[in-house]
Every structure is written in structure tokens, then in C-alpha cells.
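Since the structure comes first, as C-alpha cells, the remarks are kept for the end.
Bear in mind that the values in this text are calculations on the coordinates, not laboratory data. Remember, predicted model here, so these are calculated numbers, not experimental data. Positions of Cβ are backbone-derived with ideal geometry, glycine not excepted, and every protein chain shown enters the neighbour counts.
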Amino acid sequence: MSSDPQLIRTPEIEVVEGVHPLPKEGTEGRPEFETQRYADHYWRTTVKRPGKVVYHFSFQILDRHRQLKGYVQWDPFITIEEA
């Protein structure tokens, strides 16, 4: 994650549930809606002190049938400054 573990706490995944409104098919003009539940994911951490942090995320993408579609790597860079 970072060359200096004293900059931030170990990131944790956060899973939140939500609801998407979806227009019903065939209700043009003044659409009616149904809803679909979903789970969303994000990462969180706490800053300990100023510095520079690089994350290294690697994950796979699956389709709705859980068939592998590919792999992704992401290396975001964050500069933490005094407030």
C-alpha cells in the first residue's frame, strides 16, 4: 500500500446497500417505477499524518453470470497535507 505505514490506517472495504428506481417498460410519457436493490462498495481509511501514499488495487470484472471478463489494476496516488 504505502512505503510508510504510519501515514494512514490499513484501508477497509465498506459495503452499503441501496435502491435504484427503474422505469417500468411501456410507461412512456408518465413512467411508473419499480425498484432494484444493490450493494455498493468503497474503501475507507484514516489519515495519521502528512505524506504521500500510493495504493495498489487489483481486481477482476465478472458479468452477471459470474464469467470472468478481465482484470484491472489501479494505482492511485494521494498527497496528504496539513489542514
Original post:
Quick one: Karplus J couplings for region 19-27, per residue in order, coefficients 6.51, -1.76, 1.60, θ = phi - 60°, nearest Hz, x for Gly and Pro?
Top reply: 9, 9, x, 10, x, 6, 5, x, 10
Original post:
Please identify the trypsin sites (Lys or Arg not before Pro) of the chain that satisfy two criteria: DSSP loop assignment and at most 10 other Cβ atoms within 10 Å. Which are they?
Top reply: K24, R64, R66
**OP:** Multiply the residue separation of E34 and R49 by 0.36 nm, subtract the distance between their alpha-carbon atoms, and state the gained length in nm to one decimal.
**Re:** 0.8 nm
Original post:
Within the chain, which GluC sites (Glu not before Pro) sit in a loop by DSSP and count at most 16 neighbouring Cβ atoms inside 10 Å?
Top reply: E25, E28, E32, E81, E82
Original post:
What residues have an amide H closer than 5 Å to that of I80, excluding those fewer than 5 places away on the same chain, when H is modeled at 1.01 Å from N in the peptide plane?
Top reply: G51, K52, V53
**OP:** Could you run the Debye sum over the Cα atoms of the chain, one equal point scatterer each and no solvent, and tell me log10 of I(q)/I(0) at q = 0.11 Å⁻¹, two decimals?
**Re:** -0.55
Original post:
Taking θ as phi - 60°, what are the ³J(HN,Hα) couplings along region 66-73 by the Karplus curve (6.51, -1.76, 1.60), each to the nearest whole Hz, with x for Gly and Pro?
Top reply: 6, 8, 4, 10, x, 10, 9, 10
